[in-house]
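Below is one structure; the comments refer to it alone.
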Amino acid sequence: MMNPPNYPLDSNLESDQDFWNPSILASTNWLEAIDLDGFDTTIPAFPLQESPCFNILDDNRGARSSIQESPKEYRTPASDVGPSHSSQYGADGNDPIAQHGSYYVDGEPARHTRGTKRRKTLTTPQFQELGRRFDLTQPACSGARLERVSVIDDSEYCAFRDAYLKYCHGSSVIWPDFMTMDFPTKPFFDDLVGLFRANFNDSLPFIHISCFSKTSLSWIMLAAIASIGSQYLESNSKHVFNISMHEFNRRILSHLSEEVNFLPAAKRTEFAQATLLHSVGAAYSGDVRLSQRAISRADDLAMVFQTAMQESDLQNLGPSSLPQETDLDSKWHSWIRKEAAIRLAYSAWLVDCMRSYHFQQRTAMKFAEGSIPLPCHEKLWTAPTSAEWSAICADQDVSKSQEPALTEAMEELYIGKFIPTHRGEFARILMIHALFRRSWDIEAYFEQPVSQWEPNARRERSTGIFSGPPVWLPSVPTYIRWQNSSCDALDILHWQANAAIGKACGVEHPTVLHLHIARIILLVPYDSLVKLARRLAGVRSHGDRRSNAFDSADALYGPEGLSLRKWAIHHQYKARLAVIHAGVAFWHIRRHSTDAFYEAPAIALSALTLWAFGTFAKQTSAANRPANLNAAQTALASNASRSPRGDRPAARSSNTENSVCEIILLDRPTDDELVQHFIKNGGDMQAHISGIGDLYNPESPGLVLQQGCRLLKENAKYWGVAREWQHVLERLEEAQKNIGRKV
C-alpha cells in the first residue's frame with residue numbers, strides 16, 4: 001500500500017501536514033533502538049464513509065476484509081486480532097495473546113504485542129499447472145455479502161459477457177473453449193472490483209479513486225481489475241477461477257492489440273492500464289504457462305510506458321500548468337488525468353525493475369527513462385473531492401512547484417545526501433529501485449573486461465589482456481565506492497521511514513519491506529543465489545534450458561557456488577549487513593504484511609540469503625570465542641530465539657561502557673550499536689533466529705528454509721507465485737543434508 005496512514009491517535013498528528021517530518025526517532029537506527037513499550041500502538045476504529053462491503057468471513061478470526069468506498073488504511077492487527085503468528089514459531093506452540101491484556105493496566109503481567117499479523121486459515125491448493133481446463137464458474141465464497149454499490153454499467157457488463165462468449169466459446173479457432181458457458185453475475189464482479197481496491201490498488205497506485213465511482217468502469221478495465229481482485233477471494237475453489245480470469249483477460253488484450261493504434265486516446269490508455277495489470281496478475285499467478293508468457297513479453301511494459309508518455313505533455317505537469325478552468329471539478333479532473341499518466345508510466349518502470357530480481361529477466365527500460373516528474377504526494381492523489389484536493393494544494397503550496405524527475409531526485413540523494421520530507425511514499429519506492437538501476441549499470445560496465453584496460457597508443461594483443469578470469473566486482477575500488485554510496489542513500493531513506501514508524505507507534509508501512517530487500521539486491525549476488533538454489537532443488541530457472549539433474553558437489557563448486565562462497569567469506573561485512581536485513585524482512589512479513597504481489601519473492605530471497613550465509617560463512621572456532629559468553633547467556637539467547645516475543649540480547653557480564661553483546665537476534669528489532677558490532681565482529685558472535693537458533697549451526701540452513709516455507713504457505717493464499725517458491729525451498733531443504741557434508 002502506498003498511502004501514508006492517517007492515524008487518528010492524536011489531534012496534533014491529524015493536523016500534521018507532513019507525514020515524513022523527522023522527529024527524534026529519525027536519528028535512531030531502522031531497527032527500532034527506542035523501546036516502543038512506552039507507546040500505545042492500538043489504532044482505534046474511526047468512521048469511514050458509508051459504502052458497499054463484501055465481507056468475507058473466516059470461521060477462526062471473523063472478518064477477513066471489508067471493501068470500503070474510501071481509500072484503504074493500513075490494516076492494523078490491533079483491530080483484527082486472531083491467533084498469534086508468533087506462536088507458530090515458538091517452541092511450545094502456546095498462544096501468548098490469550099494470557100495478556102490489551103494494556104498493562106488490565107492487571108496482566110504482560111500486554112498484547114503490537115503489530116501481530118492476523119492469521120488466515122484458508123486451505124492452499126497444491127502447486128500445479130492448470131493445463132487447458134479453464135472454467136469461469138463463479139466460486140462459492142465464505143461469508144456474507146453486505147450492501148454494495150454497482151461500479152459497472154449494465155451495457156458494459158453485457159459487452160463483457162459478449163466478449164467471454166466470443167473469445168472463450170466456439171467462435172475462435174485459436175484458443176480452446178472454457179469448460180462451461182456460465183458467466184459470473186454483475187454483483188459478483190462489483191465485489192471483485194472492491195477486492196482489487198481494498199487489497200491491490202495501493203501496491204501500484206495508478207488508478208484514481210474517482211474511477212471507482214458508480215458505473216464508471218469500462219468492460220476492458222473490468223476484465224483486468226476483476227482478474228486481480230479474484231486473487232483475494234477466500235474460497236477453496238478460487239484457484240481455477242482466477243487462473244481462468246487471467247486467461248480470459250489475456251485473450252481480450254491479444255485481440256485488442258491488433259487494433260490498438262486505431263482506438264481513441266482514452267481507449268489506448270485503458271488498454272495500457274489493463275496490459276500492466278495483466279502483466280502483474282499473470283506473472284505472479286502461479287500458473288506456469290501464464291507466468292512464462294507474461295515474463296517473456298517485457299516489451300508490453302515498454303509499450304505501457306510509451307503510451308503513458310504520449311497521454312499528455314509529461315514534462316510540464318505542475319498544478320500551475322493546468323488550464324485555468326473556472327470550474328474546480330474540471331481542473332481537478334484534468335490534473336487527475338495527467339497525474340495518472342505519470343503514475344502509469346512509473347508503475348510500468350517499477351514492475352520492469354522488479355521482474356529483474358524476481359524472475360532474473362533483463363529489464364526493458366533503463367535508469368535514464370526516469371526523466372519525467374515523480375508522482376505527487378499521496379495526500380493529493382487520494383483526495384476524494386475537488387474541494388479537498390484544492391485545500392491540500394493550498395496548504396502545501398504545491399501550485400508553485402512540482403516534483404523533480406527521478407534522475408534529478410537521485411542526484412540530490414547521491415550527492416546532496418538529502419531527501420525532502422514531503423516526498424510521497426510511491427516516489428520513495430521508485431527511488432529505491434532507481435538505486436538498483438544505477439547499480440546494475442555500474443556492474444555491467446565493470447564486468448566488461450575492456451573496462452579494466454587503460455587506453456593507450458601501443459598496439460597490444462587483446463587475448464593477453466582479456467583472457468583472465470571474470471572480474472569479481474568487490475575487488476574494483478570504484479564499484480565498492482558506488483556500493484557504499486548506495487548504502488548511505490538507503491540509510492537516509494530508512495531514517496525517515498523510521499520516523500514514520502515512530503509516529504505510527506511501531507506499525508511499519510510497506511516502504512520498509514522495500515528498504516530491507518534493497519540491501520539484499522545491492523549486497524548479495526542474488527542472481528547466483530537463485531540459480532544455485534534452483535539447481536540444487538532440481539527446478540529449472542526461468543529461461544534455463546539445461547537439465548534439471550545436478551550433482552550437489554558440482555553445483556556448490558561451480559560458478560554460482562564459488563561466487564556465494566567469496567561473498568560470505570571475502571565480502572563478509574556486506575554479507576552480514578544483508579543477513580540482518582533478510583532476518584528483519586521476516587519480522588516485517590509476519591506482522592505487517594499487506595498481501596502484495598511482491599511479498600512472496602521477498603520472502604524467498606530473504607530465506608535464500610540466510611540459507612547461503614549459514615551454508616558458506618565461517619565462524620570463529622569455539623576455542624577462540626569470548627570466554628565471558630557463558631552457558632547462562634547462551635541459554636538465554638536460545639530461549640529468546642524461540643520466544644514468540646523475543647527478549648533483548650544478553651550483554652557481557654561487564655558493566656563498563658565498552659561492554660558489548662555477543663548474541664544478536666537477526667529477526668528482531670535491534671539497536672544500531674549491536675548491528676554495527678555484528679557487521680564488524682559477527683564471526684565471534686551467535687546469530688540467532690526465532691525457532692532456528694544460531695545461524696552458524698550446521699542444521700540451521702535447513703531450518704531457515706522451513707521457516708521460509710511457512711511464510712510462503714500463508715502468502716500463497718493470495719498469490720500463486722508463492723507456491724512455486726515454496727516448491728523450490730522444499731526441494732532445497734531435501735538436498736540440504738548432502739549440501740552440509742560437502743561444503
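Going by what's in this entry, would Ser439 be described as in a helix (DSSP H, G or I), closer than 26 Å to Leu523 by Cα and modelled with pLDDT under 90? Against the criterion (in a helix (DSSP H, G or I), closer than 26 Å to Leu523 by Cα and modelled with pLDDT under 90), Ser439 does not qualify. Reported count of residues in the range 397-419, each being free of Cβ contacts under 8 Å to residues at least 40 places away in the same chain and outside any helix (DSSP H, G or I), is 4.
Residues that are in a helix (DSSP H, G or I) and within 15 Å of Thr615 (Cα to Cα) within the range 683-705 comprise Gly683, Ser700, Pro701, Gly702, Leu703, Val704, Leu705, listed in sequence order.
No other residue among Gly682, Gly693 is surrounded by fewer than 22 Cβ atoms within 10 Å (Cβ to Cβ) and not acidic (Asp, Glu) apart from Gly693.
Only one of Arg423, Arg458 is part of a loop (DSSP other than H, G, I, E, B), over 22 Å from Arg355 (Cβ atoms) and under 22 Å from the mean Cα position of the chain (by Cα); which?
On the way: Arg458 fails: under 22 Å from the mean Cα position of the chain (by Cα).
Step by step, each of Arg423, Arg458 is checked, and only Arg423 is part of a loop (DSSP other than H, G, I, E, B), over 22 Å from Arg355 (Cβ atoms) and under 22 Å from the mean Cα position of the chain (by Cα).
Within the option set Gly538, Gly558, Gly543, being loosely packed, with under 13 Cβ neighbours inside 10 Å and either at pLDDT 80 or above or closer than 17 Å to Gln360 by Cα (or both) holds for one residue only, Gly543.
Checked against (1) at pLDDT below 90; (2) of a type outside the set (Lys, Arg); (3) assigned to a helix (DSSP H, G or I); (4) in contact with a helix residue (DSSP H, G or I) (Cβ under 9 Å, 6 or more places away or on another chain), Gly464 meets all criteria but (4).
With respect to Phe196, is the statement that it is part of a helix (DSSP H, G or I), at pLDDT 90 or above, closer than 19 Å to Ile152 by Cα and of a type outside the set (Gly, Ala, Ser) true? When the stated conditions are applied, Phe196 passes them. Just checking, does the range 633-641 include any residue being assigned to a helix (DSSP H, G or I), out of contact with any strand residue (DSSP E or B) (no Cβ under 7 Å at 6 or more places or on another chain), at pLDDT below 95 and among the aliphatic types (A, V, I, L, M)? Yes: one or more hits. Looking for something touching a Phe, Trp or Tyr at 6+ places or on another chain (Cβ under 9 Å), hydroxyl-bearing (Ser, Thr, Tyr) and either touching a residue at least 12 places away in the same chain (Cβ under 8 Å) or under 19 Å from Ile521 (Cα atoms) (or both) - is there at least one such residue anywhere in the range 466-477? The answer is no, given that none of the residues of the range 466-477 is touching a Phe, Trp or Tyr at 6+ places or on another chain (Cβ under 9 Å), hydroxyl-bearing (Ser, Thr, Tyr) and either touching a residue at least 12 places away in the same chain (Cβ under 8 Å) or under 19 Å from Ile521 (Cα atoms) (or both). Within the range 345-363, can you find the residues that are over 18 Å from the mean Cα position of the chain (by Cα) and either surrounded by 21 or more Cβ atoms within 10 Å (Cβ to Cβ) or closer than 14 Å to Thr269 by Cα (or both)? Ala345 - this is the single residue of the range 345-363 that is over 18 Å from the mean Cα position of the chain (by Cα) and either surrounded by 21 or more Cβ atoms within 10 Å (Cβ to Cβ) or closer than 14 Å to Thr269 by Cα (or both).
Residue-level analysis places Val530 among those that are of a type in the set (Val, Ile, Thr), over 24 Å from Ile664 (Cα atoms) and modelled with pLDDT of 95 or more. Would the range 265-277 turn up any residue that is aromatic (Phe, Trp, Tyr) and either within 19 Å of Leu136 (Cα to Cα) or touching a Phe, Trp or Tyr at 6+ places or on another chain (Cβ under 7 Å) (or both)? No: zero hits. All of (1) buried (at least 24 other Cβ atoms within 10 Å of the Cβ); (2) not in a loop (DSSP other than H, G, I, E, B) hold for His677 with one exception: (1). Any idea which of (1) over 22 Å from the mean Cα position of the chain (by Cα); (2) at pLDDT 90 or above; (3) under 30 Å from Leu564 (Cα atoms) is the one Pro469 doesn't satisfy? Tallying (1) over 22 Å from the mean Cα position of the chain (by Cα); (2) at pLDDT 90 or above; (3) under 30 Å from Leu564 (Cα atoms), Pro469 fails exactly one: (2).
Working only within the range 474-520, note down all residues that are among the charged types (D, E, K, R) and crowded, with 19+ Cβ neighbours inside 10 Å.
Going through the range 474-520, the residues among the charged types (D, E, K, R) turn out to be 481, 488, 491, 503, 508, 519.
Scanning the range 474-520 gives Lys503, Glu508, Arg519.
In this structure, does Tyr414 turn out to be over 20 Å from the mean Cα position of the chain (by Cα) and within 25 Å of Asp441 (Cα to Cα)? It would help to see each step written out before you state the result.
Details: over 20 Å from the mean Cα position of the chain (by Cα): yes; within 25 Å of Asp441 (Cα to Cα): yes.
Yes, satisfied.
The values are calculated or read from the model by the stated rules, or taken from the named source; none is laboratory data. All values reported here derive from a predicted model rather than from experimental measurement. Here the Cβ is made from the backbone with ideal geometry for all residues, glycine too, and neighbour counts use every protein chain on show.
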